[in-house]
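Here is the structure we will look at, set down as structure tokens.
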Amino acid sequence: MNLSIYWTDSSSMLAQMSLPQMIKRLPYSCQARAFRYKSEISASNYVAGRILLQHGLDIHADGIDLEKLTYENSGKPLLPGVAFNISHSDHQVICAFANVGRVGVDIEKIKPIDFSDFDAMFSEREWDLIKGAENPLEKFYWFWTRKESIIKALGLTLSYLHQIHLDVTKNEIVLNEKRWFLKNMVHWDGYLGAVCSEQDIESMEFVKIVI
């Protein structure tokens, strides 16, 4: 499977235009969703993600319009016959396109957290590996981004996160008798990301988009 990852920094958009001006760049149905966000960074990341998505659709899906988006119960946007997924953290926004099967991606800025806030999200064995690692914070995000990419590929919600148990020696996981493939992304300084896909990833292309 070939994976294309389009990415941008939403802060560059905010430096050039106001949030209402950014939102007006989207189709009307997407504008309504953008206005629901209470923080400027969340709304700008949503706008940037949809612009990246449209860029990818122009290349991989003959320019299908964003107005045709539908949504799963988890909030995951869908387009028939097109495999894509969006993630963002801080001002970093990515949109991945796979040429075969479903895909889920997650990107997280590595920043200090209180591990106790996430007790229920990991097994005892996973916590042992996190806290015993040379860099516990990076190990936490290694687990977290992989788990998030899995639930996003499957169209599940965060409530399922604690049911996923990862084997650190493998880049795959079997769920409901189906095998999914995992790969980490370390393309951005200070961030860690992961991809979950139905097919093993043969190539991964990172393309920066200036919005």
Looking only at the stretch 39-93, and only at residues there that are charged (D, E, K, R) and in contact with a Lys or Arg (Cβ under 8 Å, 6 or more places away or on another chain), the one that is modelled with the highest pLDDT: Asp90
Any chance Phe143 is more than 28 Å from Tyr6 (Cα to Cα) and among the aromatic types (Phe, Trp, Tyr): no
Residue match in the stretch 155-176 (condition: more than 25 Å from Glu67 (Cα to Cα), among the β-branched types (Val, Ile, Thr), touching a helix residue (DSSP H, G or I) at 6+ places or on another chain (Cβ under 7 Å) and in a loop (DSSP other than H, G, I, E, B)): yes
Single match in Ser159, Ser197 (criterion: without any contact (Cβ under 8 Å) to a residue 12 or more places away in the chain and either polar (S, T, N, Q) or in contact with a strand residue (DSSP E or B) (Cβ under 6 Å, 6 or more places away or on another chain) (or both)): Ser159
Number of positions in the stretch 87-106 that are in a strand (DSSP E or B) and either surrounded by 23 or more Cβ atoms within 10 Å (Cβ to Cβ) or on the phi > 0 side of the Ramachandran plot (or both): 12
Residues of the stretch 56-80 classified as in contact with a helix residue (DSSP H, G or I) (Cβ under 8 Å, 6 or more places away or on another chain), closer than 17 Å to Ala98 by Cβ and either in contact (Cβ under 8 Å) with a residue 60 or more places away in the chain or loosely packed, with under 15 Cβ neighbours inside 10 Å (or both), total: 1
Qualifying residue in the stretch 26-42 (condition: touching a strand residue (DSSP E or B) at 6+ places or on another chain (Cβ under 6 Å), under 23 Å from Val195 (Cα atoms) and not hydrophobic (A, V, I, L, M, F, W, C)): no
Contacts under 6 angstrom Cβ, first residue in the stretch 1-27 being of a type in the set (Phe, Trp, Tyr), partner surrounded by 14 or more Cβ atoms within 10 Å (Cβ to Cβ) and part of a loop (DSSP other than H, G, I, E, B), 6 or more apart: Tyr6/Ile209
Inter-residue pairs, beta-carbon under 9 Å, first free of Cβ contacts under 8 Å to residues at least 60 places away in the same chain and in the stretch 103-114, second assigned to a loop (DSSP other than H, G, I, E, B), 6+ apart: Lys111/Asp90; Lys111/Gly190
Lone unmet requirement of (1) touching a Leu at 6+ places or on another chain (Cβ under 9 Å); (2) buried (at least 20 other Cβ atoms within 10 Å of the Cβ) for Lys170: (2)
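The values are calculated or read from the model by the stated rules, or taken from the named source; none is laboratory data. Please read these numbers as outputs of a predicted model, since none were measured by experiment. Cβ: placed from backbone, ideal geometry, glycine included. Neighbour counts: every protein chain shown.
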